[in-house]
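The structure appears right after this line, and notes come after that.
The values are calculated or read from the model by the stated rules, or taken from the named source; none is laboratory data. Everything numeric in this text was worked out from a predicted model, so none of it was measured. Cβ atoms come from the backbone with ideal geometry, glycine included; neighbour counts cover every protein chain shown.
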């Protein structure tokens, strides 16, 4: 009996000692992150020199070369490029949306073509407009009321949701599928209310998808302020006209790259922990929150490990993914190559929710992996992280799921994220250095624990 108690006491003391050791190491990681300005300066350089990094564009390719050089300067053991073919869609920035009424006058609305939308004809489109609040209403009205008109989907993101990504998911279907749904009833074009929770003159773009069996019609997003104005005008004049003109086209597919940097593991280098963000952005912004910050977070993991002389047992691999915004080919290429090489990915982590204050982690994995993650919660509570739950990992790492890799997403306070996402206001100045670096410290700390204890 005494031996049993002694064994238990020793085990308890070892656990307490390990927790204290981890707490000290994590404190040093956060201290390093919060006192460093390197990532903030890197983000500034990326945003101001290589904004509008839509895949296939010249700035996207320049950003790839910059990312490779930046990781080399940070001291990664190996830095290389990974090939991926991408589509190359181009939107000319002279969209016109003129709203005119014989009763009320006219005004020019702020609109932006949705990603991969077709353009209008050379002379544009002029038609009456009809406001629709749901796909159910669209179906109920049918071809008789819809044919020949521009459909205005005025579906608002729901303020009732505390988690704003839930509101986004609730509304995104109208942006993604609205054009094909309206085209079923011979609509001429669609105007989608921007996916944002604020009242703003800035329209928010984003990807849309066509049903290849249905006629392709132009799709634009309208700013929330102008959406409200259009709705008000329609209540007073349901015969008003809209003149819409956009110019978009596809260029030939082109070769692009993921940027990969590695810190080689000392004990089991063949085992890999992946951490990443996406380097591409929409063509109307600097892509600071979405997702320049995520790239900085991932790069900072390597910098912090090197700076603090943390020697990982497993290889830490930072990936700056290309083509998250449109077709996610970078993430797919990465997963295909890890599979073809029969690599062992212990875990994959992603940051793609902006640069605000981190709140925790969500894991797409099994129950035991969730429980392991939750045992580390006390180590993060001093830094304000409290969500440790099942959930989404990330778009770019998601293709790894079929290989059985646990996927982990950094949860960020998202209350203001959709003020900026996919709009011209997503610029470097919108990112707070300290908040961003809390995210860097959080990811580096979790990777330190996964490397030490597994998942």
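Quick notes
- Here residue 303 fits the description: assigned to a helix (DSSP H, G or I) and over 11 Å from the mean Cα position of the chain (by Cα).
- Subset tally (residues that are buried (at least 21 other Cβ atoms within 10 Å of the Cβ) and in a loop (DSSP other than H, G, I, E, B)) for the range 377-407: 7
- Among (1) over 25 Å from residue 413 (Cβ atoms); (2) surrounded by fewer than 18 Cβ atoms within 10 Å (Cβ to Cβ); (3) in contact (Cβ under 8 Å) with a residue 12 or more places away in the chain, the one test that residue 338 misses: (2)
- Residues satisfying the stated conditions in the range 99-115, i.e. surrounded by fewer than 18 Cβ atoms within 10 Å (Cβ to Cβ) and part of a loop (DSSP other than H, G, I, E, B): 102, 103, 104
- Counting only residues that are touching a strand residue (DSSP E or B) at 6+ places or on another chain (Cβ under 8 Å) and either within 17 Å of residue 44 (Cβ to Cβ) or modelled with pLDDT under 95 (or both), the range 275-291 holds 3 of them.
- Pairs where the first residue, in the range 107-123, is on the phi > 0 side of the Ramachandran plot and the second is outside any strand (DSSP E or B), C-beta under 7 Å, 6+ apart: 116/208; 116/326
- Within the range 34-88, the set of residues being part of a loop (DSSP other than H, G, I, E, B) and either at negative phi or out of contact with any strand residue (DSSP E or B) (no Cβ under 9 Å at 6 or more places or on another chain) (or both) comprises 36, 37, 50, 51, 52, 53, 54, 55, 57, 74, 76, 77.
- Members of the range 347-369 that are free of Cβ contacts under 8 Å to residues at least 60 places away in the same chain and closer than 29 Å to residue 322 by Cα: 359, 360, 362, 363, 364, 366
- Residue in the range 73-84 that is surrounded by 16 or more Cβ atoms within 10 Å (Cβ to Cβ) and under 25 Å from residue 245 (Cα atoms) present: no
- Looking across the range 216-229, the residues that are under 24 Å from residue 92 (Cα atoms) and part of a helix (DSSP H, G or I) come down to 224, 225, 226, 227.
Each row is one residue, and each column tells you yes or no for (1) touching a residue at least 60 places away in the same chain (Cβ under 8 Å); (2) part of a helix (DSSP H, G or I); (3) more than 30 Å from residue 194 (Cβ to Cβ).
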residue	(1), (2), (3)
233	yes, yes, no
239	yes, no, no
292	yes, yes, no
297	yes, yes, no
312	yes, no, yes
326	yes, no, no
331	yes, yes, no
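- Number of residues in the range 124-136 that are in contact (Cβ under 8 Å) with a residue 60 or more places away in the chain, closer than 19 Å to residue 223 by Cα and not in a strand (DSSP E or B): the value is 0.
- In the range 184-220, the residues that are under 20 Å from residue 241 (Cβ atoms), in contact with a strand residue (DSSP E or B) (Cβ under 9 Å, 6 or more places away or on another chain) and surrounded by fewer than 22 Cβ atoms within 10 Å (Cβ to Cβ): 185
- Test: residue in the range 347-354 that is over 22 Å from the mean Cα position of the chain (by Cα) and in a strand (DSSP E or B): no
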